[in-house]
1. Inside region 411-428, can you point out the residues that are small (Gly, Ala, Ser) and crowded, with 24+ Cβ neighbours inside 10 Å?
2. Of 357, 375, which residue is buried (at least 19 other Cβ atoms within 10 Å of the Cβ), under 21 Å from the mean Cα position of the chain (by Cα), part of a strand (DSSP E or B) and touching a residue at least 60 places away in the same chain (Cβ under 8 Å)?
3. Can you tell me how many residues within region 609-629 are surrounded by 19 or more Cβ atoms within 10 Å (Cβ to Cβ) and assigned to a loop (DSSP other than H, G, I, E, B)?
4. Go through region 520-543 and give me each residue that's farther than 17 Å from residue 617 by Cβ and either touching a residue at least 24 places away in the same chain (Cβ under 8 Å) or of a type in the set (Phe, Trp, Tyr) (or both).
5. Can you find, within region 471-508, the residue that is nearest to residue 402 (Cα to Cα) among those that are polar (S, T, N, Q) and surrounded by fewer than 21 Cβ atoms within 10 Å (Cβ to Cβ)?
6. In this structure, does residue 352 turn out to be touching a strand residue (DSSP E or B) at 6+ places or on another chain (Cβ under 8 Å) and either outside the structural domain of residue 562 (by TED's automatic domain parsing) or not charged (D, E, K, R) (or both)?
7. Based on what the data block shows, is residue 554 in contact with a helix residue (DSSP H, G or I) (Cβ under 8 Å, 6 or more places away or on another chain) and not in a loop (DSSP other than H, G, I, E, B)?
8. Quick check on this structure: which one of 277, 251, 234 is part of a loop (DSSP other than H, G, I, E, B), at pLDDT 90 or above and farther than 30 Å from residue 123 by Cβ?
Amino acid sequence: MVSRWDVVRGAGWWLGLNKGRLELRFGDGISQVAIATADELPARIWYSVTAVWDCSTRTGTVRATAVVNRTNSLLSPMLRHKTHLASGDVRSISVAEAPVLIAASWNSGERSTELHFNGKIDAPKLYARTLEDREIDDLAIGRIVPGAVAHWNFSANISKRGIASDLCLDISASDAHGTAVNLPMRGATGWSWSGEEDRYWSAPDQYGAIHFHDDDVGDAGWETDVTLIVPPSMRSGAYALRVISSSSSDMIPFWVRPPRGTSTADVLLVFPTASYMAYANDHIVTRFPASQLGCGHTPVVSGADFFLNTRPEFGVSTYDVHNDGSGVCYSSRLRPLLTMRPEYRSGVSGSVWQFPADLHIVDWLSKIGVAFDVATDEDLDEEGDQLLSRYKVAITGTHPEYVSENMLNAWENYLSAGGRAMYLGANGFYWVTEFHPKERFAVEIRRGESGVRSWQAAPGEYYHAFSGSRGGLWRHRGRPPQKLFGVGFTAQGFDNAAPYRPLSDWKSPRATAFTVGIENVEIFGAHGLAGEGAAGYELDRYDLSLGTPPDALLLASSDGMHSDNYVHVPEELLINLPTTGGTQDYQVRSDVVYFPTARGGGVFSTGSISWCGALSSNNYNNSVSRLTENVLRRFLDGVALP
């Protein structure tokens with residue numbers, strides 16, 4: 001928990017947990033003394049912990065008292081007024097050549113930290129004297145005991161705009177301020193949280209905790225081995241640096257943008273890098289026993305999955321939980337992202353997912369001869385609609401699930417000003433996401449009480465530390481994706497994808513330019529590289545009650561073509577019923593939608609992650625490709641849309 005301890009020399013002092021027991025450890029480099037409580041401390045309970053070395057009696061004492069209230073097991077006989085106490089003789093002690101660390105210890109040989117703590121720490125203090133029993137009791141109920149030589153108040157720099165700073169303020173006279181390393185979780189409920197306020201910036205005194213995890217990774221700290229200078233002549237696009245070492249190789253992707261503030265094409269392809277980061281290095285198929293049930297097939301585990309399962313230093317995704325069971329709310333790109341490689345295949349789908357799936361769009365645009373520029377979510381978050389406004393048409397990736405408010409506003413401003421967008425995916429614009437305001441390599445996601453999620457934020461911890469805004473689903477903040485793109489997340493399944501049937505709007509005069517050459521198809525999209533169909537994996541639907549514009553054309557749907565492995569999303573289920581699968585629930589479907597916007601703009605949405613996997617079938621000569629190309633050509637011609 002707190003230490004000035006050299007692991008190599010065995011010198012200094014150390015306070016922490018050893019097999020669940022509170023332990024105070026001293027060492028002089030030759031011998032060590034450990035004083036530990038007899039009982040393990042039950043998990044997920046706040047304790048007031050004190051450790052004392054009395055230099056006059058040369059004794060050490062460690063004490064843990066359960067701090068209980070109405071949000072912390074008030075009635076438990078085991079916890080109420082329960083104190084764990086231990087003491088022992090300490091004849092010699094030496095000062096370690098080590099920094100004072102919270103939630104870790106120092107390895108002088110490697111000059112790095114280890115023995116990391118999993119859990120919350122609130123208001124740690126150091127005193128240069130032996131505290132009396134009454135003072136220790138005062139600390140346990142939050143009273144100020146004067147004379148601290150260090151008092152780290154983790155809530156001291158909370159504001160309505162968040163607590164994204166790495167600075168940990170010491171409010172004593174020593175000004176011994178600390179630095180939070182590797183993005184431990186802030187905006188966390190503290191020992192005094194009453195449950196009356198869930199916005200940490202409204203009650204900062206109740207949010208004085210930092211939640212530390214031994215598998216947090218903000219910056220892997222790798223040294224630079226290769227520097228690539230992008231030549232001015234290199235076209236905007238998606239590239240990879242191929243690295244070969246002996247018998248192994250790697251392809252590290254990067255994007256080349258046009259010179260800042262300019263465009264070199266009429267089409268912009270926005271790569272959903274915030275979503276790549278949310279999924280980065282996930283362990284869904286190797287750590288979650290229910291993954292096979294959710295897939296509807298045996299998971300396909302790749303070499304990268306096996307590697308990540310044995311190499312924790314590569315970090316985890318926001319679909320994982322930390323080693324203490326709490327959800328992972330931060331993800332960083334300053335580490336090798338093995339799931340963001342062109343050859344990676346998802347164990348859930350058994351096919352391409354995220355970045356590799358978006359390369360289908362790159363391939364298709366190149367094949368049909370349409371020039372395009374590229375940008376990333378990070379660019380869009382920074383530049384907003386000024387970035388989009390330089391293009392006649394902006395295209396999304398296949399799965400832009402995680403978006404910030406800046407990004408959402410950019411799309412809305414662009415479309416309301418006459419822009420034209422093609423949403424070639426599904427389950428997009430779903431989770432509220434924040435980029436770190438200064439350390440732009442990191443994103444934050446707080447998963448709320450609903451939505452398809454692998455974990456849920458603890459009570460009182462729904463607000464982002466990076467911004468102060470509430471997390472969860474965008475629909476719960478009044479901005480469902482139907483309002484912006486006409487369709488929104490409705491179901492998911494991973495056994496097989498399905499085809500589409502054209503609906504009556506397929507024959508609408510307003511759709512003539514889109515359906516030319518395929519006017520009379522009765523079914524299309526029964527093929528593809530992602531589930532062997534164009535409607536698959538995750539699906540979006542048209543819904544007037546959620547904001548689909550009333551003048552939108554519902555061109556085609558996969559209604560009734562999915563198995564019961566495809567299930568209706570939980571945020572729309574008020575009561576659990578056994579009728580939410582694809583064979584019984586009409587809302588389990590993908591819808592293809594078009595609608596015009598103000599000033600001659602328009603939106604075309606496909607409602608399926610698998611759509612782009614069907615573009616290349618039959619050497620690109622198929623109805624999915626033809627429809628998508630017809631829309632793109634019509635959007636590019638500059639003529640007002642009906």
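1. 419, 421, 425, 426, 428 - these are the residues of region 411-428 that are small (Gly, Ala, Ser) and crowded, with 24+ Cβ neighbours inside 10 Å.
2. Testing whether each residue is buried (at least 19 other Cβ atoms within 10 Å of the Cβ), under 21 Å from the mean Cα position of the chain (by Cα), part of a strand (DSSP E or B) and touching a residue at least 60 places away in the same chain (Cβ under 8 Å) leaves just 375.
3. 6
4. Within region 520-543, 538, 539, 540, 541, 542, 543 meet the criteria.
5. Filtering first and then ranking leaves 496.
6. Here the answer is no, as residue 352 does not meet what is asked.
7. yes
8. After applying the criteria, what remains is 234.
The values are calculated or read from the model by the stated rules, or taken from the named source; none is laboratory data. What you see is a predicted model, and the numbers here were worked out from it, not measured in a lab. Cβ: placed from backbone, ideal geometry, glycine included. Neighbour counts: every protein chain shown.
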